[in-house]
Amino acid sequence: MIEHENMAIPLARLVLSEQNVRKGPRKNIPELAHSILTQGVLQALVVNECTAKGKGIFEVAAGGRRFEALHLLRKEGKIKATFPVPCTIIPEANAIAASLTENIARESMSLADEYVAFKRLVDGGKSVEDVAALFRVTPLVVKRRLKLANVAPSLLALFRKEEIELDELMAFAITDDHARQEQVWSSLPKHARRASSIRAALTENELPSNDRLVRFVGLKSYEKAGGAVRVDLFSDAKVAFVQDVALIRQLAQAKLDRKAEQVKDEEGAAWTEGRLDCDYSERNAFGRVGMIRKQPTAKVAKQLETLQAELGSLEAQDPDSVDDDAYEQIEALQEKIETIEQGLQQPDPRAVKIAGILLTVEHDGRVEITRGLIRAEDKKALKALAKSPEAVAGCVESSDESDAWAGLSGALRLNLSAQFTAGLQARLDASPSVALRALAATLWVGASASYLSRGEFSVTVRGTPPNLRSHAEGIEAGPACAALAASHAAWEARIGVEKNVFATLSAWPDTDVIALLAHCTALNTDVIGQSGPSEDAAALASAAALDMRDFWQPTADAFLKRVPKGVILDALREADPNLELAKFEKAKKGDLISMAEPILVERKWVPLVLRTEARES
């Protein structure tokens, strides 16, 4: 074995050799300089004497990063030009070979060994902050490496063999229980040994800090009550896990019960109930009474006006230019308006003695308050009250009309009613016998001398079709309007530009005239409004076998971008009761829309306001 001379050479007498094989930029020089400043030069530079550049000058053949780091320290005034640099002197003829050997023969240190080394430093008495300062990293980086070093030795061994990925090792670090770590690894099938599966298995009996109940109670309140929290150091979202689920549910129920009592006292309801869990079927088990909107105070009215103006401005933006922040602003405004409007709703005064209020905790941790509910045991009392002589209009069990419009802005309500109108027009055009009777009913309402017969009907005979585009931009491209437009073009072609239309129609058979009459009636059908289809419209839709699934889809632009997250999640629950909603609840609004759209479209879900008897058959 060749022995070389080792000596300390002043920094000023060292230059970088042209025979150094590393020509690219050298990385992490400031970090290496800090290490040299605190630990010294731990590995000698390999040099050869270069008499051509002057007596006593040495070229650095290997150790270019250390050389640059030393010059950085000299430039910063932290060392002098006379700083003694440990060097190994070799013959100039061996310079290239030495440089190449150092760059390719050196084996990188295993990450697992690095993590364990950090742990040994802390175990040896150094603080996390000291180690962080020593290696110029943040304390969080040190804490993460200590967590990784504390994974079960058997799993660290697999990591060294590259049989476990780094993200999987990070998932194991969520717990210090080695036995549990090893049990999870052995229990998971090979195809399921992913970081997400490992983390889910290790926290299966815990709740993440973004869970609805944790958000409702508050992590600080839970910890104050003695609850243990497990922190995931490797989560960018800084997610912690609540370990005592029973305690969080106990705290949540107690808080919800207090809120229920407060609401009962404030509103004078017959009963209030707080439920932590209440699915779609449980909600529908309640009966409902007619709700009356009380007059808002001047302050509340002004607040509503301001919120609706802000919402209208945001909704008027080009949908393609709306980002996540705008979605969140729209959702926040919709929720504020909905909360105020819900507070203005009160049960029919005659039903106050039996109508109650249900409080539930929604996905985002806020309390949802549903008023005007009737329990199963009180439904007979409600029917008796509705039949009593002193009963007032509306004091009957209602449909879910108030729920049908929940979370929908005024602009969206008008849009959906325009869509319903277009669908009804298309079906009437194809149903001459139904259209003829609708027209006769409309004319009779206007012609009858009976007061009771007078009132609104779904069909208007103005000779001018309603302007659907003003409420639903682009509706003419939809299947309903397209079908009606095709029908109209055919009639235009047949009748032409005759000046004497009556004479032309006089020559037609009755069946053709009735078909034309149906078409004109369909064109004039108008059910646009914010209060939903009337009973007349519903009856007409049923007779014409209208199914809005044929004409409308819950796409992002048509619906999902215009409603709060809660409405989308409710739609998913209804469309597929077996759907696991956890990932949907955690998603941002934009991501949730992308995830929900294909599911709702595939299942042909439509909101309650667009449903007809044909859908249920």
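What follows draws every value from the coordinates through simple rules; no lab data is involved. None of the values given here were measured: they were computed from a predicted structure. Please note: Cβ atoms are built from the backbone with ideal geometry, for glycine as well, and neighbour counts cover all protein chains shown.
Taking the Cα centre of the range 111-243 as reference, the dipole from Cβ charges on Lys and Arg (+1) and Asp and Glu (-1) amounts to some 260 debye.
Inverting the pair-averaged 1/r between distinct Cα atoms of the range 411-616 gives 18.7 Å as its Kirkwood hydrodynamic radius. So if R0 is 51 Å, what FRET efficiency would residue 491 and residue 298 give, r being the distance between their Cβ atoms, rounded to the nearest 0.05? The formula returns an efficiency of 0.45 here.
For every other residue with a beta carbon closer than 10 angstrom to the beta carbon of residue 90, add +1 if it is Lys or Arg and -1 if Asp or Glu, then tell me the sum. So the environment of residue 90 carries a net charge of -3. Note on residue 120 and residue 266: the model spin-label points, each 7 Å out from Cα along the C-beta direction, lie 6.3 nm apart. About the centre of its Cα atoms, the range 411-616 shows a dipole size close to 480 debye [charges on the beta carbon of Lys, Arg (+1) and Asp, Glu (-1) only; nearest 20 debye]. To the nearest 0.05, how large is the calculated FRET efficiency for residue 75 and residue 225 if R₀ is 41 Å and r is the Cβ-Cβ distance? Efficiency computed from Cβ-Cβ geometry: 0.10.
Each eigenvalue of the Cα gyration tensor of the range 111-243, multiplied by 5 and square-rooted, gives one semi-axis; in descending order these are 26, 22, 12 Å.
Taking the average, over residues, of other Cβ atoms within 10 Å as the packing measure, peptides 585-596, 189-200 rank 585-596, 189-200 from highest down. Rounded to 0.05, the FRET efficiency of the residue 194 and residue 602 pair, given R0 = 25 Å and the Cβ-Cβ distance, is 0.40.
Straight Cα distances below 18 angstrom link residue 255 to the lysines 220, 224, 264, with same-chain residues fewer than 8 positions distant left out.
Looking at the range 5-104 alone, DSSP beta bridges between its own residues are antiparallel in about 60 percent of cases.
Count Lys and Arg as plus one, Asp and Glu as minus one, and take only other residues whose Cβ is under 15 Å from that of residue 484; the net charge is then -3. Listed peptides 375-382, 59-66, 330-337, 9-16 appear in the order 59-66, 330-337, 9-16, 375-382 once ranked by packing, highest mean of other Cβ atoms within 10 Å at the front.
Packing-based ranking of 297-308, 570-581, 174-185 yields 174-185, 570-581, 297-308, ordered from highest to lowest mean Cβ neighbour count within 10 Å.
Taking 0.36 nm per residue of sequence separation and removing the Cα-Cα distance, the residue 160/residue 328 pair yields an extension gain of 56.0 nm. For the residue pairs 294/380; 259/336; 353/379; 302/588, the C-alpha atoms sit more than 20 angstrom apart in 294/380; 302/588. Dimensions of the range 5-104 based on its C-alpha atoms, expressed as ranges along the principal axes with the largest first, amount to 34, 30, 20 Å.
Please report the spacing between the Cα centers of the range 144-158 and the range 462-489 in Å, no decimals. Going from one Cα centre to the other spans 66 Å.
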